[in-house]
1. Just to be sure before I move on: is VAL239 modelled with pLDDT of 65 or more, under 30 Å from TYR89 (Cβ atoms), in contact with a helix residue (DSSP H, G or I) (Cβ under 8 Å, 6 or more places away or on another chain) and β-branched (Val, Ile, Thr) in the structure I sent?
2. Report yes if THR36 is touching a Lys or Arg at 6+ places or on another chain (Cβ under 8 Å) and assigned to a loop (DSSP other than H, G, I, E, B), otherwise no.
3. Quick check on my filter: what residues within region 81-115 are more than 14 Å from ARG243 (Cβ to Cβ), in a loop (DSSP other than H, G, I, E, B) and of a type in the set (Ser, Thr, Tyr)?
4. Any idea which residue in region 222-238 is nearest to ILE115 (Cα to Cα), counting only those that are under 13 Å from the mean Cα position of the chain (by Cα) and assigned to a loop (DSSP other than H, G, I, E, B)?
5. So LEU112 clears everything in (1) hydrophobic (A, V, I, L, M, F, W, C); (2) outside the structural domain of ALA232 (by TED's automatic domain parsing); (3) surrounded by 12 or more Cβ atoms within 10 Å (Cβ to Cβ); (4) in contact (Cβ under 8 Å) with a residue 40 or more places away in the chain except one condition, right? Which one?
6. When you check ASP124 against the structure, is it within 28 Å of SER75 (Cα to Cα) and either hydrophobic (A, V, I, L, M, F, W, C) or modelled with pLDDT of 65 or more (or both), yes or no?
Amino acid sequence: MKKSGWLTGSFIALLLLISAPGKAADNKAPSLGPPTTNLLVLSTVTGKVRVLDSKGLVIESNYVDLPRIDLSTLSPDELQALLETKKAYAALTTFTSSAGTNSQSEVIGKQLRKIWKKGKTLQDKIQTRLEILDDLRDYNLQLALLPGDMVVDYVATFHSTIADDKLADREAEDRRWRLRESYNRAEIADYRTAVANQAVADCLAKCAALSARLATHGIEVPNTAPFYPVPALSLRAEVDAARRH
């Protein structure tokens, strides 16, 4: 009798071991692919998502772009539906950059994931993510403008030097005409230099302001030289987790 009971218990245990892996596999969440449509159904309107940024949502209905919709006016279910559109998904998960992907991609990516997890609501998570990515794009734009402005400054200085050399050429013919021409060129060169220097100063000031604003969220980018552009980022995992919710 005891032997029979032992055999029965062993048989049951074996069945449990065999069935356990299959059960675990069944409980595993399936991987999510990116959304395939931009159609969004809200309580007030149905249309295609055209724009999503920190300023709100723009929907196209009957081939007309409707006024921006503030994300704070959307219900939790509408926000979940928004995540299932291609435009919104791309806006929240992808950051492109001419710098490509580098060692800073993972660092900034971790900072963004940490901020996302701290969000108290889905609306808060989405809004904060969009604000940060908008600032990162603006930061890279300002850095992209700096080299061009510096070239303008170099060219202006070069022309100014030529003008000064002409002023020093006292033996040239038509001296009075050359003096007048050199003066005009010097004036133009000085103006261009001043404009170029101001443009550079404005870009640097914007970079510093954006860096300070990003720091309040927990994102670290340089606020003084040497600057480097924010690299490309991929931020799918946390958004996919929110889509499964």
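The values are calculated or read from the model by the stated rules, or taken from the named source; none is laboratory data. Since the structure is predicted, the reported quantities are computational estimates derived from the model, not experimental observations. Heads up, the Cβs are rebuilt from the backbone with ideal geometry, glycines too, and the neighbour counts pull from every protein chain shown.
1. Numbers: modelled with pLDDT of 65 or more: yes; under 30 Å from TYR89 (Cβ atoms): yes; in contact with a helix residue (DSSP H, G or I) (Cβ under 8 Å, 6 or more places away or on another chain): yes; β-branched (Val, Ile, Thr): yes.
So VAL239 fits the description; yes.
2. Taking the combined requirement at face value, the residue satisfies it.
3. THR96, SER97, SER98, THR101, listed by residue number.
4. Taking the candidates together, the pick is LEU235.
5. (2)
6. Yes, satisfied.
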